[in-house]
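Inspection log for the structure reproduced underneath, given as structure tokens.
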Amino acid sequence: MGMTMTQKILAAHAGLPSVRAGDLIEAKLDLVLGNDVTTPVAVGVFEQAGFTSVFDREKIAIVLDHYTPCKDIKSAQLCKTARGFAQKHGITHLYDVGKAGIEHALLPELGLVAPGDCVIGADSHTCTYGALGAFSTGVGSTDMAAGMAAGENWFKVPPAIRVTLTGSLPAYVSGKDVILHLIGLIGVDGALYKSLEFTGPGVAALSMDDRFTIANMAIEAGGKNGIFPVDEKTIEYVTGRVDRPWTAYEADPDAVYESEVTIDLSALKPTVSLPHLPSNTRTIDEVKGMPIDQVVIGSCTNGRISDLRAAAELLRGRAVADGIRCIVIPATQSVYKQCVAEGLTDIFIDAGCVFSTPTCGPCLGGHMGCMAEGERAVATTNRNFVGRMGHTESEVILASPAVAAASAVKGALASPFDL
């Protein structure tokens with residue numbers, strides 16, 4: 001019986017000739033990730049269990065991004081705990097304020113994840129790295145602690161859904177629209193503990209940033225992971241970033257999938273998710289005109305340079321509507337510098353936006369854009385649950401950078417074609 005991409009990676013890391021969906025395995029890890037919220041909890045578990053050393057100081061990454069720059073005393077204490085642990089154990093990959101960025105944009109950018117890797121992270125959007133052809137998944141802080149100590153973790157091998165992509169994306173349609181469309185089709189539990197494996201001729205038409213966005217939100221369909229095949233674009237991306245050997249895995253022709261979904265990229269329209277579930281999707285033409293108070297452009301989903309270029313294209317020479325707050329957050333310091341070098345920063349500021357240092361900030365209602373009762377935001381983030389960005393009676397509409405920028409200009413939910 002053939003294996004999927006995910007199953008091949010897990011088999012290799014478990015030292016097994018093959019695995020099947022439902023198997024319980026123990027797999028070696030290439031990277032263990034934590035942030036300022038989850039690492040302190042993992043540190044407590046690590047020390048309570050009596051562990052005295054980490055398995056490999058080069059294979060642990062701690063990124064301080066959620067509440068940083070620290071918004072209050074509690075967040076400062078969390079960061080202090082994470083820093084102290086990293087210093088005590090000589091962890092190489094500690095990324096603090098000034099050198100950090102949003103973790104799921106930063107690690108691929110730095111070449112810390114490669115095709116064929118097995119990665120866990122104490123953050124649900126660790127599935128982002130599937131864009132590189134890696135198996136990566138979010139875990140709890142207890143699993144992070146065990147991973148840091150042993151360099152291994154238990155997994156139940158997931159079954160898979162094959163998502164076949166055809167065609168290419170029209171103007172103003174991006175990876176965000178693809179994944180929102182898919183979640184709308186299958187629901188927030190449609191891929192529960194399954195691997196979303198993307199394939200088909202349409203993959204070649206997607207940029208790496210599109211793929212990162214799509215893989216990032218696999219968890220919003222309940223997925224254990226999302227994964228793309230390794231092709232020329234993947235190889236071009238990792239060349240010059242990854243300085244170690246890596247392996248590209250391909251699904252077998254007779255791999256078993258629980259179900260299949262086909263998406264014609266050329267038929268997609270700008271798509272949004274209305275409150276309070278990512279699966280509550282509509283095309284922009286169905287819902288434009290809804291009043292809003294705030295726009296957030298950034299996050300681990302859509303804070304890369306192509307995202308900010310798309311937003312700047314629509315904001316150039318225009319102004320954010322009166323009464324609208326527009327917050328733009330580059331995902332990493334490198335993206336920040338590119339924005340400055342390309343003049344995007346001037347475009348955002350001249351349009352009336354706030355241009356922030358890299359941070360997760362408003363995505364989780366942390367800081368830099370929390371909402372009050374009754375307010376509504378259009379955001380390029382990944383979740384729109386009740387209270388996600390502030391008050392439990394505030395609302396979040398998920399959208400692409402193009403839709404978010406157009407909405408900021410129009411002062412209401414809008415299509416980029418309206419400008």
The simple spin-label model distance between residue 150 and residue 244, using points 7 Å out along Cα→Cβ, in nm, is 2.0 nm
Extension length gain for residue 81 and residue 231 (0.36 nm per residue less Cα distance), in nm, is 50.0 nm
Karplus ³J(HN,Hα) for segment 25-37 (6.51 cos²θ - 1.76 cosθ + 1.60, θ = phi - 60°; Hz, whole; x = Gly/Pro) runs 9, 10, 10, 6, 10, 8, 7, 10, 10, x, 10, 5, 8
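When the Kirkwood hydrodynamic radius is evaluated over all pairs of different C-alpha atoms of segment 333-419, what value in angstrom, to one decimal, is obtained? Could the numbers behind the result be given before it?
On the way: mean 1/r = 0.0718 Å⁻¹.
Mean inverse Cα-Cα distance, inverted, gives 13.9 Å.
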Rounded to the nearest 5, the percent of antiparallel DSSP beta bridges in the chain equals 20 percent
For the chain, the percent of accessible surface on carbon and sulfur atoms (probe 1.4 angstrom, ligands and nucleic acids excluded) is 51 percent
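With the other protein chains left in place, how much accessible area per residue, in square angstrom, belongs to segment 314-419 at a 1.4 angstrom probe?
Solvent-accessible surface per residue comes out at 36 Å².
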Expected max-MSF residue from 24, 315, 132 in the GNM of the chain (alpha carbon, under 10 Å) is 24
Within the chain, cysteines having no neighbouring cysteine beta carbon under 4.7 Å are 70, 79, 118, 127, 300, 339, 360, 363, 370
Mean-square fluctuation maximum in Gaussian network of the chain, Cα pairs under 10 Å, restricted to 250, 260, 395, hits 260
So residue 185 and residue 71, fully extended at 0.36 nm per residue minus their Cα-Cα distance, gain in nm 37.2 nm
Computed over the chain, the Cα gyration tensor eigenvalues, each multiplied by 5 and square-rooted, give semi-axes in Å (largest first) of 32, 26, 19
Sorted list, accessible surface of protein heavy atoms, 1.4 Å probe, largest first, for 350, 72, 30 is 350, 72, 30
So for R0 = 60 Å, FRET eff. of residue 286-residue 52 from the Cβ-Cβ r, to 0.05, ends up at 0.55
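For a Förster distance of 30 Å, can you work out the FRET efficiency between the beta-carbons of residue 262 and residue 171, rounded to the nearest 0.05? List each step's numbers first, then the result.
Numbers: r = 22 Å, r/R0 = 0.74.
E(calc), rounded to 0.05, equals 0.85.
What's the Kirkwood radius of segment 267-419 in Å, using all Cα pairs?
Working: mean 1/r = 0.0675 Å⁻¹.
It works out to 14.8 Å.
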Residues of segment 287-302 with backbone N under 14 Å of the label point set 7 Å from the Cα of residue 372 along Cα→Cβ are 293-294
Largest-first semi-axes in Å of the equivalent ellipsoid built from the Cα gyration tensor of segment 69-155 are 23, 16, 12
The aspartates and glutamates whose Cα lies under 15 Å from the Cα of residue 71, excluding any fewer than 8 residues away in the same chain, are 36, 96
Taking a straight Cα-to-Cα line shorter than 30 Å from residue 410, and setting aside same-chain lysines fewer than 8 residues away, one finds 176, 269, 288, 337
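The values are calculated or read from the model by the stated rules, or taken from the named source; none is laboratory data. Computed from a predicted model, the values in this text were never measured in an experiment. Reconstructed Cβ throughout: ideal geometry from the backbone, glycine too, with neighbour counts over all protein chains shown. The area values use the complete protein model at the heavy-atom level, side chains included, leaving out ligands, DNA and RNA. Shrake-Rupley method; radii C 1.70, N 1.55, O 1.52, S 1.80 Å.
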